[in-house]
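In what follows, a structure is listed as C-alpha cells, so that the remarks can point back to it.
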Amino acid sequence: MKTKSAFYTLIILLGLLSLGALFGGGALIISPSGELLRMPLSNLGSAPFKDFFVPGFILFSVLGVMPGILIYALIKKPKCNFCEYLNFFKDMHWAWSFYIYVSFALIIWIQVEMIYLQTVIWVHTFYIVYALVMIFLAILPTIRFRYKKEQAL
C-alpha cells in the first residue's frame, strides 16, 4: 500500500470511529436510560452501572474525542511532553503510539460489552475487525517510517 493511501485510510478510519463514538456516546449521555438509542437498561446486565451515563461518557471521550484529537496529531505531529511520558514506543512519535492505544481501547470496549451483554452480535465482530485493520495499517512499514523519530547521530 502506498504511503499516501495508507495514511489517508488510517485517518479516515480514525475519523469514522470518532464520529460513531461521539454520536453513540453523546446519545447515551443525553439519554442515560438508553431510550434515544432504543437500548433497554436490561442490556446493562451485571454491569456496575445503574444507567448508560458512565459507559456513554467513556465511549464519548475515549473512542470519540481522543481519536478526533489524534487526527490532528497524526497530521501535524505536535510535541507533547506529557504524551511522550505515556509513550511506550519511544522510537515513535507519541501520536502513532496513541493510535495503537485507541485501537486496543476499541478491542477492550467491545470485549467488555460482550461480557456484560452475554452475547455476540455482528457489530461486535465488525468493530473487532475494524480495530485489527487499524493496527495493521499502523504497523505498515510506510506508516512506521512516517512516524519514526529521527535518530541523533
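Among the residues in segment 3-22, are any closer than 23 Å to residue 118 by Cβ and among the hydrophobic types (A, V, I, L, M, F, W, C)?
Yes: segment 3-22 contains one or more residues that are closer than 23 Å to residue 118 by Cβ and among the hydrophobic types (A, V, I, L, M, F, W, C).
Pick out, from segment 35-87, the helices (runs of 4 or more DSSP H) lying fully within it that include 1 or more residues that are exposed (fewer than 13 other Cβ atoms within 10 Å of the Cβ).
Per the criteria, 66-76, 81-85.
Can you tell me which of 22, 16 is of a type outside the set (Val, Ile, Thr), part of a helix (DSSP H, G or I) and surrounded by fewer than 15 Cβ atoms within 10 Å (Cβ to Cβ)?
16
Can you tell me which residue is farthest from the chain's Cα centre (by Cα) among those in segment 46-63 that are under 15 Å from residue 110 (Cα atoms) and not aromatic (Phe, Trp, Tyr)?
Ranking the candidates gives 47 first.
Could you check residue 90 against (1) out of contact with any Gly (no Cβ under 9 Å at 6 or more places or on another chain); (2) surrounded by 12 or more Cβ atoms within 10 Å (Cβ to Cβ); (3) farther than 21 Å from residue 15 by Cβ and say which number it fails?
Failing condition for residue 90: (2).
If I go through segment 116-153 residue by residue, how many of them are within 19 Å of the chain's Cα centre (by Cα) and in a helix (DSSP H, G or I)?
20
Go through segment 91-130 residue by residue and tally those that are over 17 Å from residue 16 (Cα atoms), in contact (Cβ under 8 Å) with a residue 24 or more places away in the chain and not hydrophobic (A, V, I, L, M, F, W, C).
4
List pairs: first in segment 61-83 and over 17 Å from residue 17 (Cα atoms), second outside any helix (DSSP H, G or I), Cβ under 7 Å, 6+ apart or cross-chain?
Close Cβ pairs (under 7 Å, with a partner that is outside any helix (DSSP H, G or I)) amount to 77/93.
Could you please let me know if residue 73 is modelled with pLDDT of 95 or more, aliphatic (A, V, I, L, M) and over 19 Å from residue 144 (Cα atoms)?
So residue 73 fails the test.
Yes or no: residue 26 modelled with pLDDT of 95 or more and within 20 Å of residue 129 (Cα to Cα)?
no
The values are calculated or read from the model by the stated rules, or taken from the named source; none is laboratory data. Please read these numbers as outputs of a predicted model, since none were measured by experiment. Don't worry about glycine lacking a Cβ; one is built from the backbone with ideal geometry, like all the others, and counts go over all protein chains shown.
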